[in-house]
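> So that we are looking at the same thing, I have put the structure below in structure tokens.
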Amino acid sequence: MTIKPEVIEDLVSQARLVRDHAYCPYSQFPVGCAILTKDSIVYTGVNVENVSFGATNCAERSAIFTAITEGYRPKFIQAIAVAGETEDFLPPCCICRQVLVEMADPDTPVYLTRKDGKILTTSVADLAPYSFEKLEM
Ligand code: THU
């Protein structure tokens, strides 16, 4: 599925806007994520931290879990945009990559962004090669 440049720009801008809602008092590292579903609905998410640091939820998983809560099922994702305030492109952590493997097709575009506004397009497969996908012995 080809995604129009204006749709990509809009997704990235929603990820940037929602970043203001990040709850990150411990890291001071706000992240916003916007996910476009295959039926063209956008779900957003932010990182939500906790004093017990391991309880933190990343922006990507917040967005995905919200969509799942609304009734979406695995492989529902058309594209993902991630926005931090970093000098370099901000990639999803490996826990989020594992979740993406289950929720998105391997060729799903992932738009990484950086402070100066540039966008790097990668994919779920590029971010998570040799991923764990099946409980099989
Ligand atoms: N974080 C995200 O929300 N997404 C990423 O892609 C990388 C890291 C969050 C987790 C934590 O709240 C903060 O950024 C610092 O690691």
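> Consider just the alpha-carbon atoms of the chain and return their Rg together with their Dmax, both in angstrom.
Rg then Dmax for the chain, in Å: 14.2, 47.
> Give, as ranges by residue number, the residues of the stretch 75-98 whose backbone N falls under 18 Å from the point 7 Å along Cα→Cβ of Gln28.
Answer for the stretch 75-98: 84-88.
> If you don't mind, another one. What does the accessible area per residue of the stretch 1-121 come to in Å², with a 1.4 Å probe and no ligands, DNA or RNA counted?
Numbers: 6310 Å² over 121 residues.
Each residue of the stretch 1-121 exposes 52 Å² on average to a 1.4 Å probe.
> Quick one: grab the alpha carbon gyration tensor of the stretch 15-77, order the square roots of its eigenvalues as a ≥ b ≥ c, and give me rounded if a/c is under 1.5, else prolate or oblate depending on whether a/b is larger than b/c. The partial results should precede the final answer.
Values: a/c = 3.43, a/b = 1.78, b/c = 1.93.
Taking the square roots of the gyration eigenvalues as a ≥ b ≥ c, the stretch 15-77 is oblate.
> Okay, moving on. Counting only C-alpha contacts under 8 Å and six or more residues apart, can you give the relative contact order of the chain as a whole percent?
Working: 279 pairs, mean separation 26.8, N = 137.
Relative contact order here is 20 percent.
> Still on this structure, please answer the following. Can you pull the percent of the chain's accessible area that's carbon plus sulfur, 1.4 Å probe, other chains left in place?
56 percent
> Still on this structure, I have one more. So what's the back-of-envelope 222 nm ellipticity for the chain, counting only DSSP H runs of four-plus at -39500 (n - 2.57) apiece and dividing by all residues, rounded to 500?
On the way: 4 runs with 39 residues, N = 137.
Taken over the chain, the calculation gives -8500 deg cm²/dmol.
> Using the Kyte-Doolittle scale, find the helices of the chain whose mean hydropathy is at least 0.0 and whose Cα atoms extend 18 Å or more along the helix's long axis, counting only whole DSSP H runs.
Values: long enough: 5-18 (20 Å, 0.40).
Taking the DSSP H segments of the chain (at least 18 Å long, mean hydropathy at least 0.0), we get 5-18.
The values are calculated or read from the model by the stated rules, or taken from the named source; none is laboratory data. This structure is a prediction, so every number in the text was calculated from the model and none was measured. Note that each Cβ is placed from the backbone with ideal geometry, even for glycine, and that neighbours are counted across all protein chains shown. The accessibility values were calculated without ligands, DNA or RNA, using every heavy atom of the protein model including side chains. Shrake-Rupley method; radii C 1.70, N 1.55, O 1.52, S 1.80 Å.
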